[in-house]
Each structure stands twice: as C-alpha cells, then as structure tokens.
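The values are calculated or read from the model by the stated rules, or taken from the named source; none is laboratory data. Remember, it's a predicted structure, so these values are computed and weren't measured experimentally. We place every Cβ from the backbone using ideal geometry, glycine too, and count neighbours over all the protein chains shown.
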C-alpha cells in the first residue's frame, strides 16, 4: 500500500474551555510503527481519545483523515469499524460478560459492518485459540469475566488479544507498557511485531523507552504543550532518556 494511513492536519481540541491540542500535525504511512512521547499534560491521551471518537473532547478546527476518509465527526463505533483500534491505558472491567463472549460480539459486529460473513462457532473458537496461544492465554482465562479481578498486566495482555482477534488497520496503544512486567512486555511486543504488515500501522503513546526498544519504531514524535515539536528516528527516545523533555520546551 502507498500513501498515508493517517493524516492529522492542524488539529485543535478543547477539553471544556481549555485548549489541549494546539495545531497538531501528524502523518503515519502504512507498514510503520510511530511513537509519541511527551511529559504529563502535553496532550498525548487527549490525542488518542480524539482519534477514537471520544465525545468528551471538542475538535474546534483541523481534520483527521483515516484511510482517505474524514473521521473528525464520526462516532466511536464508526471509527472502529473502519479499522482503528484503541488500546486504553486503563482497560474497563465488564462484570457478567466473559472474555470469549466479548470477543465474539466485537468480531461479529466488525465483520457485519464491513460486509463480511460471520465465522461459525467452531471456526471462531479455533481462531481465538490461535491468537490466545500467542499471548499465553488458556481456555480457563477465556471463560473469565472481562478484566474482573485481573492484574494490570493481565488486562493489557487481554486487550492485546482483542487486538489480535480484530486485526485492525491502525492500532493506537495508549501507555500499554504501564503495569506490564518484563515477561508480559515481551509477549505484547512480540504480538505487535508479528502483526505488522504492509496494510497496517501502529501508534504507540508512551512515557518510557522500554517498549520502543522492543518495537523499533519507524519514527518518534515529541509532543509538548499540544504540538509535535520534533520528529526523528528511534535515537530521539535515547535523547529523552538522557536529557528529559526540558530541552524541547
């Protein structure tokens, strides 16, 4: 595939009466992993929420173009059905709903929205087990209620399973590395690297360098006070590790 998968042009976003994103520009081609790093309050999580259609934030100007379609005003389910997946910093618990039933519901909804035939029960079970095996998730875990009683690392691993099952075009990982132990970090990063291909891309939002060391991003962007102030290769993360974000203010 050629061209950009995601194109953000002069994006201004308010949270209440306060402007958080102040003319943000970002381009992500196909088959790349991009990372956004920045200090607390710089607008990283606001950006991820706006990209996934969170209506708590108001876009006052600018455009978000995804797969050559303006998604600035679309609802979260419409954006999701286009192939954008958001991995949250704090995954939600849903009591009474098993992981397997949740996966079945979101997978069927996504396929129907895209005019695809829904998988039969046995085919879907086989499909999920193949994805779960990659992450070290067994059948007993799939029977548990979604994220109820899970540790932070277990929640992130479960969310990565959702990612593998849906196989989106663009995945946004918002602080996915927080709360992960070394083994879980390896499993999640290996799952992401294994998914990357010519028809998808990833946007990783993080404070830290440890996940980026495993993912080898194509480009690192520094977000400060609502704007991308510098972009570069993976060595930009090393600069932050050594000097912090003060040099970008």
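Annotations for the structure displayed:
- Residues satisfying the stated conditions in region 215-249, i.e. over 27 Å from residue 194 (Cα atoms), modelled with pLDDT of 85 or more and in a loop (DSSP other than H, G, I, E, B): 225, 226
- From the options 22, 44, residue that is more than 14 Å from the chain's Cα centre (by Cα) and touching a residue at least 12 places away in the same chain (Cβ under 8 Å): 22
- Options 59, 13: the member that is surrounded by fewer than 17 Cβ atoms within 10 Å (Cβ to Cβ), in contact with a helix residue (DSSP H, G or I) (Cβ under 7 Å, 6 or more places away or on another chain) and either free of Cβ contacts under 8 Å to residues at least 60 places away in the same chain or assigned to a strand (DSSP E or B) (or both): 59
- Meets criteria (in contact with a helix residue (DSSP H, G or I) (Cβ under 7 Å, 6 or more places away or on another chain) and at pLDDT below 90) for residue 174: yes
- Within region 194-205, considering residues that are modelled with pLDDT of 85 or more and outside any loop (DSSP other than H, G, I, E, B), the one farthest from residue 168 (Cα to Cα): 205
- Pairing residues of region 194-210 that are on the phi < 0 side of the Ramachandran plot and buried (at least 17 other Cβ atoms within 10 Å of the Cβ) with residues that are part of a loop (DSSP other than H, G, I, E, B) and modelled with pLDDT of 90 or more, at Cβ distances under 6 Å and at least 6 apart in sequence or on separate chains, gives 200/169; 201/30; 201/32.
- Filter result for residue 53 (surrounded by 18 or more Cβ atoms within 10 Å (Cβ to Cβ) and at positive phi): yes
- Test: residue 32 is touching a strand residue (DSSP E or B) at 6+ places or on another chain (Cβ under 6 Å) and either in contact (Cβ under 8 Å) with a residue 12 or more places away in the chain or over 30 Å from residue 231 (Cβ atoms) (or both): yes
- Residues satisfying the stated conditions in region 136-149, i.e. surrounded by 19 or more Cβ atoms within 10 Å (Cβ to Cβ) and in a loop (DSSP other than H, G, I, E, B): 137, 147
- Subset of region 151-170 that is at pLDDT 90 or above and farther than 18 Å from residue 134 by Cα - its residue that is surrounded by the fewest Cβ atoms within 10 Å (Cβ to Cβ): 169
Per-residue answers, yes or no, for (1) free of Cβ contacts under 8 Å to residues at least 12 places away in the same chain; (2) touching a strand residue (DSSP E or B) at 6+ places or on another chain (Cβ under 6 Å); (3) under 25 Å from residue 174 (Cβ atoms):
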{"position": "79", "(1), (2), (3)": "no, no, yes"}
{"position": "91", "(1), (2), (3)": "no, no, yes"}
{"position": "95", "(1), (2), (3)": "no, yes, yes"}
{"position": "106", "(1), (2), (3)": "no, no, yes"}
{"position": "109", "(1), (2), (3)": "no, no, yes"}
{"position": "112", "(1), (2), (3)": "yes, no, no"}
{"position": "115", "(1), (2), (3)": "yes, no, no"}
{"position": "120", "(1), (2), (3)": "yes, no, no"}
